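Working notes for the structure below.
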Amino acid sequence: MLDAGLPVRAFFTARAGGTSAAPYESLNLATHVGDAPEAVARNRAAVSVVAGAPVSFLTAEHGIRVVEVTRPGQQPEPGDVVVTRTPGVALGAIAADCMPILLHDAVTGAVAAVHAGREGLRRGAVDSAVAALLDMRTPVQRRGRAGLSASIGPAICGRCYEVPLDLRDAVAARHPTARSATRAGTPALDLPRAAESRLGELGFTAVIRHRACTAEDPTLFSHRRDGVTGRHAGVIVCGVSVR
């Protein structure tokens, strides 16, 4: 587990520590990749123990839909942003090259978990998540941006995420800092850099970016590297202060 560095209990999982067999070994948390359901259930239960509450895992759509969870263990509707202001609720965003992003608002105590891939970032998943947190503030509280913090989990880096030129240009039209190139000089996207920049534009002064690349680091899942594989997650718990 990698500490997310936020004021509440929040972390990112890796590959080790679970019960799944190859090619999902071992802490696969996704139900949609072909892994044995009983293994995924055991893995999710183990992560819930670390979280201290049953984790409500997102089912990603690669879009911008926001869903809210109001009770521990509630299964959210499909979407790419899940939010809560209910103490004791744990949220999880699953990924394997896309970005798991965790957000905290110290003003209201609300938290969010975000799945942000290329299409979600282009369409505005980060903006939707921040707007959802701000909607939980009073009108007076919305005048400022103090108290907002974020942690961007491991994702594929700008040297490894090769894409066609027109696709890079489409994403960079909205997020210029996403523009990148591979080591060979071919078009690529740097999604974590773009997310970090966008969070700064939206008023976040505390943004932690974990720079491990999923395609380069064998301790992490990577769909781009391995094809059939598992998924790790970013997990955040509302109301459980650690600092």
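Every number here is computed from the coordinates shown, using simple stated rules; none is lab data. Keep in mind it's a predicted model, so treat the numbers as computed, not measured. No Cβ is skipped: glycine too gets one built from the backbone with ideal geometry, and neighbour counts run over all protein chains shown.
Overview of results
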read-out: Amide hydrogen neighbours beyond the local backbone of T19, cut-off 5 Å, H modeled; value: N28, N43
read-out: Relative contact order (%) - the stretch 1-90, alpha-carbon pairs under 8 angstrom, separation at least six; value: 18
read-out: Amide H partners (placed H, <5 Å) of A206, local residues excluded; value: A150
read-out: Separation of the A16 and A184 label points, Cα + 7 Å toward Cβ, nm; value: 3.2
read-out: Residues whose placed amide H lies under 5 Å from that of A181, excluding near-sequence neighbours; value: A188
read-out: Relative contact order (%) - the stretch 2-238, alpha-carbon pairs under 8 angstrom, separation at least six; value: 25
read-out: Whether the stretch 2-238 is rounded, prolate or oblate, judged on the alpha carbon gyration tensor where a/c under 1.5 counts as rounded; value: oblate
read-out: Karplus-derived HN-Hα couplings along the stretch 11-18 (A = 6.51, B = -1.76, C = 1.60, θ = phi - 60°), whole Hz, x at Gly and Pro; value: 7, 10, 8, 10, 7, 7, x, x
read-out: Those Cys residues of the chain for which no other cysteine Cβ falls under 4.7 Å; value: C98, C160, C238
read-out: Three-way shape label, the stretch 129-201, alpha-carbon gyration tensor, a/c 1.5; value: prolate
read-out: Dipole-positive endmost among T205, G34, T229 within the chain (Cβ charges, Cα centre); value: T205
read-out: Residues in the stretch 52-78 that a label on M1 would reach, taking backbone N under 15 Å of a point 7 Å out along Cα→Cβ; value: 52-56
read-out: Rounded to 5, percent antiparallel among DSSP beta bridges of the stretch 2-238; value: 75
